[in-house]
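*Asks:* Quick one: the structure is below, and I'll ask about it shortly.
The values are calculated or read from the model by the stated rules, or taken from the named source; none is laboratory data. All figures in this text were calculated on a predicted structure; none of them were measured in a lab. Heads up, the Cβs are rebuilt from the backbone with ideal geometry, glycines too, and the neighbour counts pull from every protein chain shown. Side chains are part of the model used for accessible areas, which takes the heavy atoms of the whole protein and leaves out ligands, DNA and RNA. Shrake-Rupley method; radii C 1.70, N 1.55, O 1.52, S 1.80 Å.
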Amino acid sequence: MAELSDLDRRLLAALREDGRAPVAELARRLGVTRATVTSHLDRLVAEDVVVGFTVRVRDETLAGGVRAVSLIEVEGRSTDDVIRRLRGFPEIESMHSTNGAWDLVAETRTADLAEFDRLLNRIRAVPGVINSQTSLLLTSVLR
């Protein structure tokens, strides 16, 4: 992985804030030339630091009114099998391995509380899942 310069970090932060900002605007905000921004961005893409560009949608416009984070404890060495099974759950938007008492963190979205309850039961029924703790996400204050 490429080592990031201070300018790379500031450029990435500016793009996280507004991924559609024109190069000229980024250059002005960062105090460098457009060519410098372009060369840094091209390098970050070429070195797979930036792996894609996406759109952020206002939470209220997305289908699925119940968002949650589930902490999942996995039995022994069954993590790969559990991940493989959970990848098939369309309600799981992202999943991360972690350290500490929990093995996996899953971000979920369902249409309503009844669907959310069914999802929790399905997660808990996956062979190898021995414990879970879930918190509903209420208001996003920073993304």
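*Asks:* Where a ≥ b ≥ c are the square roots of the eigenvalues of the C-alpha gyration tensor, would you call the stretch 103-143 rounded, which needs a/c under 1.5, or, failing that, prolate if a/b is larger than b/c, or oblate? Kindly include the intermediate steps, with their values, before the conclusion.
*Replies:* Values: a/c = 2.91, a/b = 1.46, b/c = 1.99.
Judged from the Cα gyration tensor, the stretch 103-143 comes out oblate (a/c at least 1.5, b/c at or above a/b).
*Asks:* Consider just the alpha-carbon atoms of the stretch 25-143 and return their Rg together with their Dmax, both in angstrom.
*Replies:* Reported Rg and Dmax, both Å: 19.0, 55.
*Asks:* Go ahead and set up a Gaussian network model of the chain, Cα springs under 10 Å, then flag whichever of N121, N131, N99 fluctuates most.
*Replies:* Maximum fluctuation in the GNM of the chain, among the listed residues, is at N99.
*Asks:* Could you order T139, T33, T134 so the one with the most accessible surface comes first? Probe is 1.4 Å.
*Replies:* T139, T33, T134
*Asks:* OK, next. Any idea what the relative contact order of the chain is, in percent, if you count C-alpha pairs under 8 Å spaced at least 6 apart? Mind dumping the intermediate values first?
*Replies:* On the way: 160 pairs, mean separation 34.8, N = 143.
24 percent.
*Asks:* Just how far, in whole angstrom, is the stretch 1-54 from the stretch 78-143 if you go by their alpha carbon centroids?
*Replies:* Cα centroid of the stretch 78-143 versus Cα centroid of the stretch 1-54: 33 Å apart.
*Asks:* So if R0 is 30 Å, what FRET efficiency would F53 and E75 give, r being the distance between their Cβ atoms, rounded to the nearest 0.05?
*Replies:* 0.20
*Asks:* Using a 1.4 Å probe and ignoring any ligands, DNA or RNA, find the accessible area of D81 and quote it in Å² to the nearest 10.
*Replies:* Taking all protein chains as shown, D81 has close to 80 Å².
*Asks:* Solvent-accessible area of R29, probe 1.4 Å, all protein chains present, reported in Å² to the nearest ten, please.
*Replies:* 90 Å²
*Asks:* On full extension of the chain, what length is gained from E93 through A14, given 0.36 nm per residue of separation minus the C-alpha to C-alpha distance?
*Replies:* 26.0 nm
*Asks:* To continue, here is another question. Note the per residue figure in Å³ for the convex hull of the C-alpha positions in the stretch 82-121.
*Replies:* That works out to 77 Å³ per residue.
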